[in-house]
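**Q** Below you will find the structure I want to go over with you.
Rule-based calculations on the coordinates, nothing more; no lab input. Computed from a predicted model, the values in this text were never measured in an experiment. Cβ sites come from the backbone with ideal geometry, for glycine too, and all protein chains shown count toward neighbours.
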Amino acid sequence: MRILVVLVAIACLTGGCAPPKNQTGQLVIQPDHYQAAFDITGKVLRECRFVPDRVDARAGVISTYPKHSAGIAMPWDQEQSSLEDELADLFNHQQRQVRVTFTPVTSDPLADDPLGAPIPDMRVAQGPIQVEVQVFIERIRRPGKRLNPSKVTLSSYAQDPAMLARGIEPAHVQTIVRDDLLSRRLAETIGARLEKQQSEAAEDQAEP
């Protein structure tokens, strides 16, 4: 365990946990790049081991199921952006959910119907499209924790025999914070992949 902590600390000091260039978690794309950006987004999330929950190209939404990570105890996970994140995931039962939305860019705040106008089909959008990546950190809490006064690791949880017999474990999920650093990293990766794909397509067309 100590070796893992030291390795993560060294990685952060040498730039392994450097802040992303994209400081907003958002990017703007042209409508003719929408399908490519949508497909790239799904691929990037799957590469990060997030399992898609909703993939709706018409509405412009991709969301994932919660993904649990134990921080530095699971070094193959890449969602942590700092040593603090690694330790928080290690000592708490935490999980992350990702939601990516594609919406028309408008300069008129009154253009959106507050009463709920029909959702536009993003596949036939005519103007610029904003891509927003949001990551939420959730913490799973269990009631009835009994602290051991001599050693924290010997603490336990009170159990309800009736619920235990039914295979039910009392717990509740609480969203504690947004993971803006991961949001920005994902947005930056999506933007870079899209730019590379468009550049390669342009080069192919330019060849005689």
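**Q** Starting with the fewest neighbours, write out Phe136, Phe91 ranked by other beta-carbon atoms found within 10 Å of each beta-carbon.
**A** Numbers: Phe136 17, Phe91 10.
Lowest to highest Cβ neighbour count: Phe91, Phe136.
**Q** Let me ask something else. So how do 59-71, 192-204 stack up, highest first, on mean other-Cβ count within 10 Å? Walk me through the intermediate numbers first.
**A** Working: 59-71: 18.3, 192-204: 12.5.
Highest-to-lowest ranking by the protection proxy: 59-71, 192-204.
**Q** I've got another one for you. Quick check on the exposure proxy: order Glu47, Glu132 from fewest to most C-beta atoms within 10 angstrom. Kindly include the intermediate steps, with their values, before the conclusion.
**A** Numbers: Glu47 10, Glu132 16.
So the ranking, lowest neighbour count to highest, is Glu47, Glu132.
**Q** Could you order the peptides 93-102, 73-82 from most to least packed, using the average number of other C-beta atoms within 10 Å per residue? Spell out each step's value before the answer.
**A** Numbers: 93-102: 19.9, 73-82: 15.6.
Ranked from most to least packed, the peptides come out as 93-102, 73-82.
**Q** What is the sum of charges, Lys and Arg at +1 and Asp and Glu at -1, for the other residues whose Cβ falls under 13 Å from the Cβ of His68? Walk me through the numbers on the way to the answer.
**A** Values: positive: Arg49, Lys67, Arg96, Arg139; negative: Asp77, Glu79, Asp89, Glu138.
My count for the surroundings of His68 gives 0.
**Q** Distance in nm between label sites at Ile176 and Ala59, each 7 Å beyond Cα in the beta-carbon direction?
**A** Distance between label points: 2.9 nm.
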